[in-house]
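Undergrad: One structure follows; several queries about it will come next.
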Amino acid sequence: MTASYSQTATFSSAADRLLTDVVKILEKGWRPRRLTRHQRSVSARIPLSWRSWGDDLDVRVTHEDAESVTVTVTSTAVLKTTLIDWGKNQSNVEKLLVEIAERLGTSATA
């Protein structure tokens, strides 16, 4: 089983705005090798670092209503034989959720 981490959060935002902001966040500070925006998700490949061989990052809208959107953020090691990631995937997910909250000017609820 490949090392991965996933977390769900709810933000006071429309889905389209949140996903647009996710793309901007990833383009600005994460230097993705690949970035794809879909109707209800964003996926990116984060390049290798001293802590990992690279990670696949997925942000998926799992629920949307008039006042909020719920997303699931998942980070998975690119190298499928990675069993231990020393917290890299959890760090990716938590960092992205904080950056989303800062950009939206709100806090996430779990």
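Each value in this text was obtained by applying a stated rule to the coordinates, not by laboratory testing. Just so it is clear, the structure is predicted and the values come from calculations on it, not from any experiment. Because the Cβ atoms are built from the backbone with ideal geometry, glycine has one as well, and the counts that use them run over all protein chains shown.
Undergrad: In degrees from 0 to 90, rounded to the nearest 10, what is the angle of the helix 15-25 Cα long axis to the longest principal axis of the chain?
TA: The angle comes out near 40 degrees.
Undergrad: Same structure again: Modelled label-to-label distance, Thr62 and Thr106, 7 Å Cα→beta-carbon offset: nm?
TA: A separation of 1.7 nm, rounded to one decimal place.
Undergrad: For Ser12 and Lys28, calculate 0.36 nm times their separation in residues minus their Cα-Cα distance, and state this gained length in nm to one decimal.
TA: 3.5 nm
Undergrad: Hey, another quick one. Roughly how tilted is helix 88-104, in degrees to the nearest 10 and between 0 and 90, from the longest Cα axis of the chain?
TA: Roughly 20 degrees, rounded to the nearest 10.
Undergrad: Let me ask something else about it. Expected output is a single nm value to one decimal: the length gained when fully extending between Glu94 and Arg45, i.e. 0.36 nm times separation in residues minus the C-alpha distance. What is it?
TA: Extra length available between Glu94 and Arg45 comes to 16.0 nm.
Undergrad: Starting from one equal scatterer on each C-alpha and no solvent at all, send me the Debye-based log10 I(q)/I(0) for the chain at q = 0.17 Å⁻¹, two decimals.
TA: -0.74
Undergrad: Okay, moving on. Quick check: net charge around Glu102, other residues with Cβ under 15 Å of its Cβ, Lys/Arg +1 and Asp/Glu -1?
TA: Taking every Cβ under 15 Å from that of Glu102, the sum is +2.
Undergrad: Still on this model: Exactly which chymotrypsin sites (Phe, Trp or Tyr not before Pro) in region 22-68 are in a DSSP loop and have at most 10 other Cβ atoms within 10 Å?
TA: Of the chymotrypsin sites (Phe, Trp or Tyr not before Pro), the ones in loops of region 22-68 whose Cβ has at most 10 other Cβ atoms within 10 Å are Trp50.
Undergrad: With n ≥ 4 as the cut-off for DSSP H runs, can you work out [θ] at 222 nm for the chain, using -39500 (n - 2.57) per run divided by the number of residues, rounded to the nearest 500?
TA: Taking each H run of at least 4 residues, the total per residue is -8000 deg cm²/dmol.
Undergrad: Here's a follow-up. Order these peptides, 100-107, 80-87, 66-73, by their mean beta-carbon neighbour count within 10 angstrom, highest first.
TA: My ranking of the peptides, most packed first, is 66-73, 100-107, 80-87.
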